Each structure stands twice: as structure tokens, then as C-alpha cells.
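Please read the structure below before turning to the comments.
The values are calculated or read from the model by the stated rules, or taken from the named source; none is laboratory data. Bear in mind that the values here come from a model prediction, so they are computed numbers and not experimental data. A quick note on method: Cβ atoms are made from the backbone with ideal geometry, for glycine too, and the neighbour counts reach across all protein chains shown. With ligands, DNA and RNA removed, areas are computed over all heavy atoms of the protein, side chains included. Shrake-Rupley method; radii C 1.70, N 1.55, O 1.52, S 1.80 Å.
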There are 2 protein chains.
Amino acid sequence: MAIEKIDGPRVAAGALEPFVAGLLAAGGADLPRATAVARAVVDASARGVDTHGVRLAPWYVEAARSRVVKPKPKVTFRRKAPSVGHVDGDLGFGHLASYRAVEEGCAIAAETGVAAITVGRSSHHGATGVYALAAAREGFACLAVTHADSIVVPFSGRKAFFGTNPLAFAVPVRKGEPMVLDMATSAVPFNRVMLRRATGKPLPPEVAMDKRGRMTTDPNRAIAVMPVGGADFGYKGAGLAAMIDVLCAPFTGMGHGATLKPPIPGMQPVGIGHFFLVMQPSTFQALSLFDRRLADFLADLRSQEARRGERVLAPGDLEVEEAKLRARLGVPVDRKTWADFERLAGEFGIAMPETMAPPRRPRRKAT
Amino acid sequence: MAIEKIDGPRVAAGALEPFVAGLLAAGGADLPRATAVARAVVDASARGVDTHGVRLAPWYVEAARSRVVKPKPKVTFRRKAPSVGHVDGDLGFGHLASYRAVEEGCAIAAETGVAAITVGRSSHHGATGVYALAAAREGFACLAVTHADSIVVPFSGRKAFFGTNPLAFAVPVRKGEPMVLDMATSAVPFNRVMLRRATGKPLPPEVAMDKRGRMTTDPNRAIAVMPVGGADFGYKGAGLAAMIDVLCAPFTGMGHGATLKPPIPGMQPVGIGHFFLVMQPSTFQALSLFDRRLADFLADLRSQEARRGERVLAPGDLEVEEAKLRARLGVPVDRKTWADFERLAGEFGIAMPETMAPPRRPRRKAT
């Protein structure tokens, strides 16, 4: 568990966000959409969640341009009961719909203590943890899940059925960054397979399957990934994936993940659902007690004796460290994405963001 | 993933429940407590969840008798906000407190769509899935979690910190049994280690640790188990365990799992917290749509192509099959537990439950 090193120019997050929003807007998205997408991907990149960071921006631009994702959707909210609401994404980007869900969820949780907000007719929203974190930054705890199209093999199965169906949970910490758990329920993201195809390194055992339904460590033969838990305990990962599909399909009104087909190969499907649970800590316990209990838990966890050369961390600690580093040194943009940025910026007549000087000598990497 | 064969007399669930309640009552528990414990353990045993079934009953009797768990607690409920409530378990058995939480949660969810119910000052409540299932049988979806004392090593750690911190999720299915996910966030329960000590078989790799902080497959050297995900991806299981500890400690007002010490070696600690989220499906979607989406999902999942000799199942399918078998043949009670029952029944002057005739020939086991 380490944040992978990204080789490429570094840009301040504050410069990257308007640049990405500008690309999206030039691609046809209206301002709220463009801003929400940029905010989500730059927030992910700023914390080292590079798989779901600015590398997705060119792909979102193409999605808007090709009208695969509606570039100017009318996102609407309806409160269905005192503690339940539904956001209709109108087949636009999932980012604005998801931020809206969190915002409405916080408002409701402030009234009733807890809110369950479903999102329907949405699309890919990047890193799910971004939205849970947005709630935590407002002082609320949030559990956020989304389903997706088929890439994960069910337990005992031979081909993909579930999406990577991530689960994110964030909770505000007094005088500190929120604790953020953000995990796919698959053993690895398919991005890991793609990366290993590029580097030629074999995959770990029991994380991927070939087209004949056999486990493989060859990234070039892998066409699906396994649920977390491996050959023996993958029913746990698959069970979580099933729970998430239920929360994102029957509860949102959408079809389950396996019914969702990407409109274009390589595109994410449109029409997916997300599910957000938002809770106000002070409704549950006096905030002083809540904060103390949480601080004690985190301090105790972080002080646990570690294996040689390792550290015991709380969920999200690595990203908090990386965020500090990137706030100082800038957000690295990988060379392929940077080339895409240059191409799109040229096409749209937009200025490239200013890059930051590279650090004078290599710095020790957070591991 | 198979339900382990239990060798011993078989008893109808309907006869087992009053017998177990009788033992508890003779041990000092009052009727509501005795009934709740019996209901919970027999419900688990009736569905093949034997690790958390009637084998725990003699242990609960001793807990009541020794006053480690308060045998006549005053369980109280307080509604803290429109959608939030808290059950105080008064240091009694977790079973009644948990059933009460689900009951109050269903009543609130019927009003506001969703309810978050915390339980504090509780104790071991058996199988967490029992309570999620109780809500689903009333037509509500339920996410239920509990923390526990230290037995699971955190990612990168060398000794136990988390409890097995199980997560259960149940959702009602029209014209069928509810879908029930009930999983520990550890790779295996410690009971698996105990069982392997008895059988002498080695453990799978990467599921257990010895006292020197090294992975071991020797059940006699294992003193802690690993989070689900193994050496590479155990941060996922540990992350879920952390989320559950937060929901069960800061949210309930209790200390986190690692602060909970069993009062007697082998006993579960008293003073733990549980967390229940209850949702009313019809608040989210028209029930006809909800039911259809869920049925489509389950049918699609169950019809997925399986590896040779296996089946793709939905969470809880094995237990539903086993429950049908046990409804016909009786609930098997392992010989050690049966001997405990005879000893306690003799001591309390209670009649043993009637056993059912063994089936004439071995039947094919659900796998």
C-alpha cells in the first residue's frame, strides 16, 4: 500500500482546477458541471488518488463532446420523506449529481440526524471518496457507494458480473483531516491490470481471470478481476459488491450493474445509481465525547506496533501525507495526460496551466 | 464456502428455543432476556450459522450465572432526533438490546424512511445477521455492525487490535427469503483456528499470526487472525474494521474495541456498542419497482456461469437451503454442546428437548 510515483510536470491544485473546468466548458459542459467535474478530479489528484484524478479529465471532455454524457443536464432533487431524498442526474456527469446529494444530505442530517440520498440516471463520478470527504469537511459522517458495469467475477463464477463497486466512508476529526476509507470491493482495480500490461510485470495470484474463466497472473490474458478475499474468501468481497448493487439499483430505481452497458467501448455506462448516507455526529453524542472517542481510536491505531519497515496507519493517512507534499510541490500530471491537455488546450485555444519548478533533489517518498 | 457438518442429535427449532430460554431463565436471566437470547441463537442454528448458534447457549448461561452479564438489565430507548435513537443495554445481553434497536428502527424508518439506532453498554449479541434479518422479515432493509475485543491484526501490524467486527446487511425479497450478507471483516473467524487445532489441519496462508508477529499456518501457534484481503490487500478488511469501530464507538459513546477487556478470559467484553441502520424500501421506490429490480438482480446473479462443480449464489443462499433442510430434519446440536445441555438441564431440573429420528440414509449436503 503506497501511492505510486507519477512522472510528469507538477501544477498547483489552484491552477489545475480552473484549467480542467475550462477544458470541460470548452467541451460543451455548462459551468456548474464543468466546475463539479474539475473539483472532483483535482481533489482526488491533490490527495494522491491518481487513478481517479486529472487523468480522467480528457476522457470526460470527450464524453461531453460526443454527448455520451449529457453536457448540460438538469439535475433535480426531490425529498421523498423526512430523511430520504433522490437526485436525478439527468444522464449528465455523476460529479455534480453526487455533490448535490451530499449537500442535500447534510442539510437533512442537520434536521433529522441522518439522511439517505439516492442518485439515479447518473454516470461515472470519479473517486467515490471525494463525496464522502466533502461531507466530512462540512462536519458530517458519510457512507458513499456506487455500482458500475461488469468487471468483477462473482464468487465461484467464471466471468465478470459486478462492477468494482467501491465503498467510501468519511468522518470528521476535530483539529485534523477527516478519516477517509475509499476502497473498491474488488481485489485490485482493473487499472492495476492495465498498468502491469505496460510494465510487463505479472499480477499477484488470485486477483484476475482470463477469458476462459481461469485465474491468471498474466496481465495480457486478464479480462476481469476478482472480489477482495481471493480464492478462499472472495465471497466477502462479492457479498459487499452485492450489497452495494442493491443500494444503487433497487433503492435508486436503476437496473443493477450488469445491465449497464458502456455506450462506447472504454466509456463508463450512463444511467447508473449512487447511494449516500449522511449522519450528523452531534445528534448521536455530545461532540466533545464523539471527538474524544474518535481521537483516542485513531491515536491507539496509529501507535500499534508495526512489522519491520512498515507503519500502522488509519484509513486515508497516506493520502493526507501525500496531500501535504503535493500542496508544497504541486500535483504531478503524468506525461500522457499532459500531452492530452496540450492537445485539447491547443484545440480550444486555452492557455496551459503554469508548472511548478521540480524539487531540487529527490525527496523521500511517503510509503 | 460450505456449511460445516455438525455431528450430534437433531432437535426441532420449536423445541430448542424454549429449552434454551429455560436454561437462561434458570441461570438467572429474566424472561425477556432469556427469550431474546434463545431466539437469536436458535435462529442462527436453524440457518446453519453454527459458530453463533446454540453452542453459545451454555456460555451465556454461565455469563448470567456469574453476573458477568447483568441477568436482569433495564434496557431503555431514547429518541435523540427524528431519525436517530439510542438503546442503553444496561450491561445485559446484547440480544435483547439489539432486537429492541431493530424494532425501534423499523418504527422510525416507517415514519422518516431511515433510522440510525446506536446501542451502548451492551455485550456479545451472537450473529449480527440475526438482527438484520429480523428487520428484513418486517419488510425493512438493515445494515448492522458491531465491534468486539482485539483479535484481528491491523494492516502492517504485529498484534491484534480490531475485533472481528462483522457487517450484516439484509433486504426483504418479495415471495422469497430475504437476502442476507453476514460477514466478519477478518479473513477467518478465530473459531476456524480453534477448529483446526482440534483437527490438526494447517490454516490457509496469510490468515493468522503468531505471538512474535509472524504469519503462521500452524493453528497452535496462531493467536490472532488477519483482516480480509490477505498480505497484499488486508488494508481493505482493516479499513472496514476501522469504519465499524467508529460506528460502534464514537457514535454510540463507547470506547473503541481495543479498549474493551473481557472480564474473564474467554468471555466477551461487556460495554460494547452496536450500530443499526434501518430503511423502508417503499420510501425510496414504488415497492413494485423495488421488488422487480431486486428480483432481477438476484436472478441474474444466480444464473451466472460457475466454475466446474460450483454454483454462483447470492449472499445468504446457502443458509436458506440449510434452513429448509433443518426445518425438515431438525437442528443438529454438536456433541459437546449436547453434553453441556445435559449437565445444565440436570442441574436445573429441566427436561431435555425431544430429539428427532436421524434420517434413514445420508443425504446430499448443500455445498
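Brief remarks follow.
- Prolate/oblate/rounded call for the stretch B:46-118, Cα gyration tensor, a/c under 1.5 rounded: oblate
- Note on chain A: GNM, Cα springs under 10 Å; of A:I223, A:I151, A:I117, the largest mean-square fluctuation is that of A:I223.
- Residues A:A299 and A:R335, FRET efficiency given R0 of 30 Å [Cβ-Cβ distance, rounded to 0.05]: 0.15
- Choice from B:V173, B:V87, B:V130 with maximal GNM fluctuation in chain B (Cα, 10 Å cutoff): B:V173
- Residue-averaged 222 nm ellipticity for chain A, from DSSP H runs of 4+ at -39500 (n - 2.57), nearest 500: -12500 deg cm²/dmol
- FRET efficiency, B:D7 to B:L31 (Cβ-Cβ, R0 41 Å, nearest 0.05): 0.80
- Fraction of the pair-distance distribution of chain A above 26 Å, Cα-Cα pairs, percent: 53 percent
- Computed on protein heavy atoms with a 1.4 Å probe, the accessible areas place B:S45, B:S282 in the order B:S282, B:S45, largest first.
- The residues of the protein assembly as shown expose on average 39 square angstrom of accessible surface per residue, using a 1.4 Å probe on protein heavy atoms.
- Rounded to the nearest 10 Å², the accessible area of A:Y131 at probe 1.4 Å: 0 Å²
- Accessible area buried at the A-B interface, both sides summed, 1.4 Å probe (Å², nearest 100): 6900 Å²
- Spin-label model distance (nm) - B:L325 vs B:E310, 7 Å beyond Cα toward Cβ: 1.9 nm
- Qualifying trypsin sites (Lys or Arg not before Pro) for the stretch B:18-81 [loop in DSSP, other Cβ within 10 Å: at most 16]: B:R67, B:K74
- The stretch B:234-284 versus the stretch A:227-265: alpha-carbon centroid distance in Å: 25 Å
- Rounded, prolate or oblate (a/c below 1.5 giving rounded, otherwise prolate when a/b exceeds b/c) for the protein assembly as shown by Cα gyration tensor: prolate
- Distance between the C-alpha centres of the stretch B:62-124 and the stretch B:143-202: 22 Å, rounded to the whole angstrom.
- Counting only heavy atoms of the protein chains and using a 1.4 Å probe, B:E111 has close to 110 Å² of accessible surface.
- Potential extension, A:E354-A:A107 segment - 0.36 nm per residue separation minus Cα distance: 85.2 nm
- Label-point separation, B:R67 to A:K72 (7 Å along Cα→Cβ), nm: 7.6 nm
- Complex-versus-alone comparison for the stretch A:114-133, residues with a loss of 20 Å² or more in accessible area, probe 1.4 Å: A:V114, A:A116
- Charge-dipole axis of the protein assembly as shown as Lys and Arg at +1 and Asp and Glu at -1 on Cβ define it, positive-most pick from A:G253, A:A57, A:G229: A:G229
- Residues of the stretch A:224-246 with an amide N closer than 19 Å to a point placed 7 Å from the Cα of A:W59 along the Cα-to-Cβ direction: A:224-226.
- Placing a pseudo-label 7 Å from each Cα along the Cα-to-Cβ vector at A:K175 and A:L195 gives an inter-label distance of 3.6 nm.
- Residues in the stretch B:181-216 that, when all protein chains are in place, have 40 Å² or more less accessible area than the chain alone would give (probe 1.4 Å): B:L181, B:M183
- Accessible surface of the protein assembly as shown [probe 1.4 Å, protein heavy atoms]: carbon and sulfur percent: 52 percent
- Chain B: DSSP helices with Cα axial extent of at least 24 Å and average Kyte-Doolittle hydropathy no lower than 0.0: B:94-112, B:230-248
- Shape call, the stretch A:106-180: gyration tensor on alpha carbons, a/c limit 1.5: prolate
- Note: relative contact order over chain B, using C-alpha pairs below 8 Å and six or more positions apart, is 22 percent.
- Distances in nm from B:L325 to the matching label points in the other copies, shortest first (labels 7 Å along Cα to Cβ): 5.2
- Accessible area of A:K159 (1.4 Å probe, protein heavy atoms only, ligands and nucleic acids ignored): about 100 Å².
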